[in-house]
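The values are calculated or read from the model by the stated rules, or taken from the named source; none is laboratory data. Note that the coordinates shown come from a computational prediction; the quantities given were computed from them, not determined experimentally. Note that we place each Cβ from the backbone using ideal geometry, even for glycine, and neighbour counts take in every protein chain shown. For accessibility, only protein heavy atoms count, side chains too; no ligands or nucleic acids. Shrake-Rupley method; radii C 1.70, N 1.55, O 1.52, S 1.80 Å.
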Amino acid sequence: MSPLQAPAPLLLYNARLIDPASGRDGRGGLVAHNGVIAELGESVRPADAPDGARVVDCAGEVVAPGLIDMQAFVGEPGAEHRETIASATLAAAAGGVTTLLSTAATLPPVDDPAVVDFVLRRARDTGRVRVAPMAALTRGREGKEIAEIGLLQQAGAVAFCDGARAVRNALVMRRALTYARDFDALVVHFAQDPDLGVGVMNEGDFAHRLGLSGAPREAEAIMLDRDLRLVALTGARYHSAIVTTTLSLDALRRAKDEGLAVTCGTSINHLTLNENDIGDYRSFLKLRPPLRQEDERMALVRALAEGLIDVIVSDHDPQDVETKRLPFAEAEYGAIGVETMLAAGLRLVHSGDVTLPRLLGAMTSRPAEILALPQGRLQKGAPADIVRFDPDAPFVVDPAKLHSRCKNTPFDGALLQGAVRLTVVGGEVVYED
């Protein structure tokens with residue numbers, strides 16, 4: 001479709017409309033026209049379709065805002081052998097994700113306005129869904145000198161993060177938070193002490209039995225506690241990218257109770273898997289931060305249910321065969337996840353631990369609110385970024401059928417429920433099953 005040609009109107013009816021932003025959860029339909037939601041509610045019927053509209057009977061399946069993934073590696077520039085914006089956004093569309101926040105961990109890193117512009121142009125030319133670039137917090141992601149946050153923000157960066165690297169120097173972090181505060185910019189930080197968290201999996205009895213070095217949960221909590229004290233000192237907006245332990249949850253609860261502008265996320269992997277899933281050295285489950293014990297996983301699920309955890313991310317990190325099919329200690333960290341994030345999350349709904357609106361809220365309205373994005377809601381006038389899915393439809397994850405260039409999924413061969421039927425971005429159908 002030409003970028004100058006508007007998509008045809010689209011009418012969805014006989015759906016279960018779920019909009020976490022407004023609390024809507026009931027039968028109805030919507031009309032997408034000129035890139036926005038033009039009509040919404042119980043009264044929408046096929047007879048209401050504008051001229052030339054496509055009309056879809058959703059047969060009672062869920063229609064919700066398109067998902068917003070706050071942490072995904074898209075490969076460009078410099079790592080196209082692992083992923084491209086075209087392949088990453090195709091995988092996103094197949095998983096119901098309509099907005100991807102791309103990490104700054106590229107080659108070169110996204111620490112210059114020209115690189116931000118490159119990512120935006122490539123997304124415009126080759127992407128199927130929206131791509132919002134995160135820029136580096138420090139130059140070269142080296143943690144030594146803060147990046148030009150104002151210029152990067154002006155170029156289109158929506159948040160600032162050094163990827164899976166913590167800023168070791170507290171003075172540099174304080175300066176970065178102070179600088180970001182002056183631009184009302186969001187600092188996203190990977191809280192793990194780089195000196196303490198050197199193990200290849202979670203520290204504990206299971207690591208000892210496997211003969212692998214362990215990273216203690218204190219490596220995360222110590223760095224997060226430092227960050228929260230610096231947030232109190234500077235008044236900046238801060239988002240902890242992935243929390244995985246009760247120590248971190250306790251610190252975040254205190255910070256929120258004190259009124260600090262802090263939010264946090266966790267990955268779908270840490271919500272649905274634990275260290276025992278590593279089994280016989282499954283390197284696709286070598287992650288950073290590492291998978292924790294089952295009691296820590298359940299604590300994360302409870303924190304999500306109560307709203308302490310704000311956001312769920314895929315932590316999509318494609319790695320090729322040469323770096324993952326190695327002995328566990330030598331394999332690269334990371335797993336793909338953007339295409340399976342929704343279906344994996346529905347495990348928590350089917351188990352009764354989290355409601356469907358709460359799960360969707362952590363993937364739609366809450367990230368939109370944190371990032372000040374107009375999407376992530378089903379409301380008249382909002383961008384027509386929409387997903388239709390059947391939460392009960394079962395399927396077995398076949399890596400060969402996933403759309404990412406790399407196939408390092410931790411759910412290889414897993415039975416999941418939740419088939420995406422239709423993904424719409426700006427009123428245009430970008431994926432259909």
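Things to note:
The rows are residues; the columns are (1) under 24 Å from residue 406 (Cβ atoms); (2) part of a helix (DSSP H, G or I); (3) in contact with a strand residue (DSSP E or B) (Cβ under 6 Å, 6 or more places away or on another chain).
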position	(1), (2), (3)
254	no, yes, no
260	no, no, no
269	yes, yes, no
276	no, yes, no
281	yes, no, no
290	yes, no, yes
308	no, no, no
312	yes, no, no
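- Exclusive hit being out of contact with any Pro (no Cβ under 6 Å at 6 or more places or on another chain), within 14 Å of residue 17 (Cα to Cα) and not basic (Lys, Arg), set 356, 360, 348: 356
- Residue within the stretch 411-420 that is among the aromatic types (Phe, Trp, Tyr) and more than 20 Å from residue 103 (Cβ to Cβ) present: yes
- Residue 63 vs. criteria open to solvent by 10 Å² or more (accessible area, probe 1.4 Å) and in a strand (DSSP E or B): no
- Looking only at the stretch 342-356, and only at residues there that are open to solvent by 40 Å² or more (accessible area, probe 1.4 Å) and touching a residue at least 12 places away in the same chain (Cβ under 8 Å), the one that is farthest from residue 200 (Cα to Cα): 355
- Flag if residue 75 is outside any helix (DSSP H, G or I), out of contact with any Gly (no Cβ under 9 Å at 6 or more places or on another chain) and closer than 29 Å to residue 346 by Cα: yes
- Selection count, the stretch 21-47, where residues are touching a helix residue (DSSP H, G or I) at 6+ places or on another chain (Cβ under 9 Å), surrounded by 17 or more Cβ atoms within 10 Å (Cβ to Cβ) and not in a strand (DSSP E or B): 1
- Among the residues of the stretch 213-227, those identified as surrounded by 21 or more Cβ atoms within 10 Å (Cβ to Cβ) and hydrophobic (A, V, I, L, M, F, W, C) are 215, 219, 221, 223, 224.
- In this entry, residue 84 is excluded by the filter for residues that are polar (S, T, N, Q), open to solvent by 10 Å² or more (accessible area, probe 1.4 Å), at pLDDT 95 or above and touching a Cys at 6+ places or on another chain (Cβ under 8 Å).
- Leading residue by the ranking (farthest from residue 261 (Cα to Cα)) among those in the stretch 370-388 that are in a strand (DSSP E or B) and out of contact with any Ser or Thr (no Cβ under 7 Å at 6 or more places or on another chain): 388
- Residue that is out of contact with any Gly (no Cβ under 8 Å at 6 or more places or on another chain), within 23 Å of residue 367 (Cα to Cα) and open to solvent by less than 60 Å² (accessible area, probe 1.4 Å), where the choices are 323, 266: 266
- Counted residues, the stretch 121-163 - those being open to solvent by less than 50 Å² (accessible area, probe 1.4 Å) and under 30 Å from residue 95 (Cα atoms): 22
- Long-range neighbours under 7 Å by Cβ, at least six apart or interchain, first residue in contact (Cβ under 8 Å) with a residue 60 or more places away in the chain and assigned to a loop (DSSP other than H, G, I, E, B) within the stretch 319-341, second open to solvent by 10 Å² or more (accessible area, probe 1.4 Å) and among the β-branched types (Val, Ile, Thr): 328/200; 329/200
- One residue alone among 367, 410, 391 is part of a loop (DSSP other than H, G, I, E, B), touching a residue at least 60 places away in the same chain (Cβ under 8 Å) and either under 15 Å from residue 62 (Cα atoms) or open to solvent by less than 30 Å² (accessible area, probe 1.4 Å) (or both), and that residue is 410.
- Here residue 55 meets the list (1) open to solvent by less than 10 Å² (accessible area, probe 1.4 Å); (2) not in a loop (DSSP other than H, G, I, E, B) almost entirely, failing just condition (1).
- Of all residues in the stretch 395-407, those satisfying the criterion of being without any contact (Cβ under 8 Å) to a residue 24 or more places away in the chain and not β-branched (Val, Ile, Thr) are 398, 399, 400, 401.
- Screening the candidates 308, 285, 300, 378 for the property of being hydrophobic (A, V, I, L, M, F, W, C) and surrounded by fewer than 21 Cβ atoms within 10 Å (Cβ to Cβ) yields one hit, 308.
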